[in-house]
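The block underneath contains the structure these notes are about, expressed in structure tokens.
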Amino acid sequence: MSRKDDFNLIDLTENIEKSTEELIREVKTESANERTGQNTTRSGNSQSRELNTDMYGGSRSRNGQQSSERYQHMERRYERQENPERKSYREQSNRNSRAAGEEEMAKKRKGKKKSSKAEKKLKRKVIKIAVVVAVLFGLVYGGVYAMVGKVDYETMETDYVRPSDVEKVSGVKNILLIGTDARSSDEDGRSDSMIVLSINTKKNRIVMTSILRDSYVEIPGHGSNRINSAYSYGQEDLLIQTIEQNFKIPIDSYVKVDFFSFIDIVDAVGGVEIDVSEEEKEWVNAYLNETNELLGKEFGDGYLTSAGVQTLSGKQALSYARIRYIGTDFQRTERQREIITAVVDKAKSAGPSAITKIMDSVMPNVKTNMKHSELTLLVMKALTYVGFDMEQIHIPVDGTWKNATISGMSVLQLDMEANIAAFKEAVYGEGVTTTE
């Protein structure tokens, strides 16, 4: 499908924002005007009642004594007779009272009629907004569905049955992010990074858990080895089984990106701001040599000229994330999480249309086992998720591992019980943040 034939979701998202805001402003203005009119009517009625009361009170005060005396005199004189004047006065008073009552009722009916018309008009506006939003939501869903159709969907063909001690908790979705070192779309590569992204909708929290690749674990069907060997033996299927069986955390799905996907993601948000040390700067430039060759760029293109806080482009951020020779693998995974956090922070400050642009550029470079409908719903909820708190941990956690050499390999030997407990506490409990 050519670029011109794509569903223009970016323009649609921008139009939704504008249309919804205009309708809401219109309803608010209409409601405010109606309230003002009602207040004016009530104020006029109140003043009229006060004026009538004052006039009646003044008349009663001046004539009260005379009326009382006259009435008593007439009562004594015409005690047993019908008084024509009195009868006429009473009838006139009754007619005046009825006329006044009818006039008051007419005013009330008129006010209710006006109020009823305003309420109906306001209801029509609200219904109009609801219909527009529903239609636009359907269009957005269709647009997002078309957009995620660009994702490379992969099926997982396995007879693996999740062990009973790997408990699924409602309200929590665990997505395995796999970063491979593949240099081309035809190459599988190795699992260069493994991060479990846990979305906890009950606590409005996202936890990123880096699993260090030298962690010595049991790989189903292959004995004990470094955990990144699981991907080499059996790709995503076996890596997910290995994580579940060793750490008792269920993996719902995976998302896989390679070098080029990583570059596109960072460039889509306009780069990330990172504080680069002098030593890191030298290694970034060293890794850029290979990246430039892969991208067909000139030697030295994108070299960092100074250390300090600066905005890294996609390929510069990739080189920063790949640094192995400064510190341990703990620092390396920390740099990877730092970049992901910076990307998310950029997305948080962007509007819906900007996020749509980011996703539109990223989707063609992503591989996942999520079906299009599932991925569509996940993307639709992304605007909510970017507002969640974000926490980071690494496995193994501090104080739960030791360096060891097994079968000639340098590995990290883990206290499995302690790491299982820490992993679950971070994802499901109050959360912990560990740093090296």
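The values are calculated or read from the model by the stated rules, or taken from the named source; none is laboratory data. Keep in mind it's a predicted model, so treat the numbers as computed, not measured. Every residue, glycine as well, gets a Cβ built from its backbone with ideal geometry; the counts of neighbours run over all protein chains shown.
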Q: Considering each of 350, 307, 321 in turn, give the residue that is buried (at least 19 other Cβ atoms within 10 Å of the Cβ), small (Gly, Ala, Ser) and either in contact with a strand residue (DSSP E or B) (Cβ under 9 Å, 6 or more places away or on another chain) or under 17 Å from residue 271 (Cβ atoms) (or both).
A: 321
Q: Working only within segment 229-263, note down all residues that are of a type in the set (D, E, K, R) and either assigned to a helix (DSSP H, G or I) or in contact with a Leu (Cβ under 7 Å, 6 or more places away or on another chain) (or both).
A: 236, 237, 244
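Of all residues being within 15 Å of residue 164 (Cα to Cα) and buried (at least 23 other Cβ atoms within 10 Å of the Cβ) in segment 224-245, which is farthest from the chain's Cα centre (by Cα)? Just the residue, please. So that I can check it myself, show each step before the final result.
Looking only at segment 224-245, we keep the residues that are within 15 Å of residue 164 (Cα to Cα), and these are 241-245.
Now narrow it down to the ones that are buried (at least 23 other Cβ atoms within 10 Å of the Cβ): 242-243.
Numbers: 242: 31, 243: 28 Å.
Looking at residues that are within 15 Å of residue 164 (Cα to Cα) and buried (at least 23 other Cβ atoms within 10 Å of the Cβ), I get 242.
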Q. If the Cβ limit is 9 Å and pairs must be 6+ apart or interchain, which residue in segment 280-307 that is under 17 Å from residue 260 (Cα atoms) and of a type in the set (Gly, Ala, Ser) pairs with which residue that is at pLDDT below 95 and in a loop (DSSP other than H, G, I, E, B)?
A. 302/313
Q | Whichever residue in segment 357-390 is over 16 Å from the mean Cα position of the chain (by Cα) and acidic (Asp, Glu) and, among such residues, is nearest to residue 429 (Cα to Cα) | A | 374
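For (1) within 21 Å of the chain's Cα centre (by Cα); (2) at pLDDT 65 or above; (3) more than 23 Å from residue 371 (Cα to Cα), each residue gets a yes or a no:
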site	(1), (2), (3)
119	no, yes, yes
130	yes, yes, yes
146	yes, no, no
171	yes, yes, no
198	yes, yes, no
Q | Index of the failed condition, residue 298 passing every other in (1) surrounded by fewer than 16 Cβ atoms within 10 Å (Cβ to Cβ); (2) within 30 Å of residue 164 (Cα to Cα) | A | (2)
**Q.** Top-ranked residue in segment 210-228 [being assigned to a strand (DSSP E or B) and touching a Leu at 6+ places or on another chain (Cβ under 8 Å); ranked as farthest from residue 173 (Cα to Cα)]
**A.** 216
Q | Index of the failed condition, residue 152 passing every other in (1) buried (at least 17 other Cβ atoms within 10 Å of the Cβ); (2) within 22 Å of residue 261 (Cα to Cα); (3) modelled with pLDDT of 65 or more | A | (1)
Q) Given the structure, is residue 266 in the same structural domain as residue 207 (by TED's automatic domain parsing), assigned to a helix (DSSP H, G or I) and touching a Ser or Thr at 6+ places or on another chain (Cβ under 8 Å)? A) yes
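For the structure I just gave you, tell me whether residue 162 is basic (Lys, Arg), closer than 24 Å to residue 368 by Cβ and at pLDDT 65 or above. Let's see the steps before the verdict.
Numbers: basic (Lys, Arg): yes; closer than 24 Å to residue 368 by Cβ: yes; at pLDDT 65 or above: yes.
So residue 162 passes the test.
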